[in-house]
Structures are given as C-alpha cells and as structure tokens.
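Q: Quick one: this structure, given as structure tokens, is what I'll be asking you about.
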Amino acid sequence: MMCFPRGHGLQRMSKGNEAPRARKGMVVRSVVVLGTAQDGGLPQAGCGCRFCCLAQADPRRRRTPVALGVELEDGRNLLIEVTKSLANQLWTWADALGGDKPVMPDVVAVTHLHLGHIEGLGQFGTEVMGRHGTPLMASPAVHEVLERRDMDMFRPLGLDAVSGVRFIQVPHRDEHGDTHAVLLSGRERTLLFLPDHDTWGGTLAAHIAKDIRSWLAHLKVDVALLDGTFWDGEELPGRDMSLIPHPTISESLKRLGERDDVNDPDIAFLHLNHTNPCADPESNQAAKVTDLGWRIAREGELHRL
C-alpha cells in the first residue's frame, strides 16, 4: 500500500461542498482500457527478466498498470484506478476517443488500496495537476485509510454516487480497506471490471454462484475484464504464491473451456504481472487463450456501451 505524507486527509463534506447524489437514469457511454499490467507495469522497476528486457528494448511491448477511462452519458469522465502512468493514460484515453488533448477526469474511483491502483493520486495535487475537490469514489473502508493521508485534493464520494456504476465486493488480501469489482452499465451493454481477487472459489461462493458463466449471466455481463495476473502457479520460483493469491489464467481457462460465440460474453484478461508470458501476444500461452475464443486485453481498446 502507498504511504502518503500525513496531513489533513480528504476534504470533509459540508453544505455547499456535498457530493452529488446518483443521477437516476444516467448510464455509461463508453469505456477505454488505459492499462493492462499488474501494479508495477512492464518493465517493472529493478527487474532484468526476459520480459522486462524485451519491453525496455521495444516500447510496443510495454504495458502500464491497470486502469479504465469511463465516459458517462452526461459528459463527465470517470477514471477508475489512478496509476503512476497517469500522464500517458490520459493521452491513451484521448486517442481512443479521437481527442487531441489529454482527457481530464471529473471523478476518480479506486477499487482497493494496493499500490498500483492509488500510486498516481498524488499527481492531482499542487506539484502536478493542481486540482482541488475532485470527487473520489471508494468504499468507506478505503476512505477511512485515505483520510489519514494528505489527500486534500479530493472529496469523498460513496460507491452509489454515480448511476450506471456499481461496485461489487470481492475477496482479496485486504491488509487495509477492502476490494471491489466494478459493473459499468450502458444503454445496450454491460462491462465487468475485475482486476483483483483471491480465488474463483472464494468469489463465486461469496456471490452464491456455481461457476463463472452463471455469475456473469446473473450480472448480465457482455464484456468481462478479468484478473489475469499470473499464467500459472509456477511463475515466481522461490516465492510463496499463496501469499499473493490471484486466480491464474490457466485455471480460468479450465473453468471456462471454449467460448460459445452466441451465449458467452467477450472475456479479456488484464492486470498481467511482468512475468506473465501472455504479455507477449506471440507466446504459446497467449495463443492458448485466443484458441479458446478469449482475449488478452489491449491498452487503448474502446467499448461502446
């Protein structure tokens, strides 16, 4: 978790500075995938593994930490996850929408407190963007932690503050706060953003679902961006991977099998660790994903909802 300098915390809401209530009937217009890597990005700091060296030598192989750019129907822009690559990602968002200047978020949201998802929050402050009072959507548990940090550039919003944006709690290693997936609903389609959770068994049990397909069907999901941190359990030799639990892509493929083009949603994996061979689109592992009809998410991909 990121440690900010201690200060006055998030702005307290008072009359005249109250968070807006959800605008009933408003929905999401579009979603842009701004980042597809795990918290450290690719290449990762201090790493000389084959994948990081390839990414350092070839910018086309680089990946930024996971984030989404969400365009709301009323014209506001919602940024989900605030990463260290904020500057580049605001340009990625603009490029996907055909803009010639970086998109400026009107609202930001974080799913949980792990480093890569909050590392860019400080860039909203005096030293960089100079923003004041930007609404920040998060759970009460996350706000409680952030209030102990120097976060005066933000004011707190609850999870139900924006219509068409639904937060769904999922089990994850919550040393601080808690963790949520985000369901984004448009006029025609719905997208699920699930970058982090511990296990499929735990998540499905928490939501009383027998399998991945039935859970996604219950949520009426058309596009699912799922946790693909690791390819398999052998990816980090010398480390106890039970201490950093994520469902592997290999396990997800076993649970899903082959895609039914008629009934199944479009599923793409993201939040790829720098060691994950699926970060290389030419790898055998990435080919296994696509051969079954699923995908590895691309930075800059646009979903009209």
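Q: Counting Lys and Arg as +1 and Asp and Glu as -1, what is the net charge of the other residues whose Cβ lies under 15 Å from the Cβ of Q56?
A: On the way: positive: R50, R60, R61, R62, R63; negative: D58, D280.
Neighbour charge sum, excluding Q56 itself: +3.
Q: Looking at (i) 54, 47, 38; (ii) 56, 43, 40; (iii) 61, 45, 39, which value of Cα extents along the principal axes in Å comes from a calculation on the structure shown?
A: Working out Cα extents along the principal axes in Å from the coordinates points to (ii).
Q: Same structure, new question: How large is the charge dipole for the range 24-119, taken about the Cα centre, if only the Cβ atoms of Lys, Arg (+1) and Asp, Glu (-1) carry charge, to the nearest 20 debye? Display every interim value, and only then the final one.
A: Details: 10 positive and 10 negative charges, 66 e Å.
The calculated dipole for the range 24-119 is roughly 320 debye.
Q: Count the lysine pairs in the chain that are 8 or more places apart or on different chains: how many have C-alpha atoms under 29 angstrom apart?
A: Lysine pairs meeting the criterion: 9.
Q: Hey, how many Å between the Cα centroid of the range 91-124 and the Cα centroid of the range 245-283?
A: The two parts, judged by their Cα centres, are 25 Å apart.
Q: Something else now. Which ³J(HN,Hα) values, rounded to whole Hz and listed in residue order, are derived for the range 136-144 from phi using the Karplus coefficients 6.51, -1.76 and 1.60 in 6.51 cos²θ - 1.76 cosθ + 1.60 with θ = phi - 60°, glycine and proline given as x?
A: 10, 7, 6, 6, x, 5, 6, 4, 4
Q: Shifting gears a bit: Sorted by mean Cβ packing within 10 Å, highest first, what order do the peptides 253-262, 221-230, 176-185, 141-150 take? Write down the numbers at each step before the final one.
A: Working: 253-262: 12.0, 221-230: 24.2, 176-185: 21.9, 141-150: 18.2.
Going from most to least packed, we get 221-230, 176-185, 141-150, 253-262.
Q: Quick one: work out the % antiparallel among DSSP beta bridges in the chain, nearest 5.
A: Values: 23 of 45 bridges.
Around 50 percent of the beta bridges assigned by DSSP in the chain are antiparallel ones.
The numbers here are math on the coordinates, done by the rules we state, and not lab data. Model, not experiment: these values are computed from the prediction. Glycine gets a Cβ as well: all are built from the backbone with ideal geometry, and neighbour counts include every protein chain shown.
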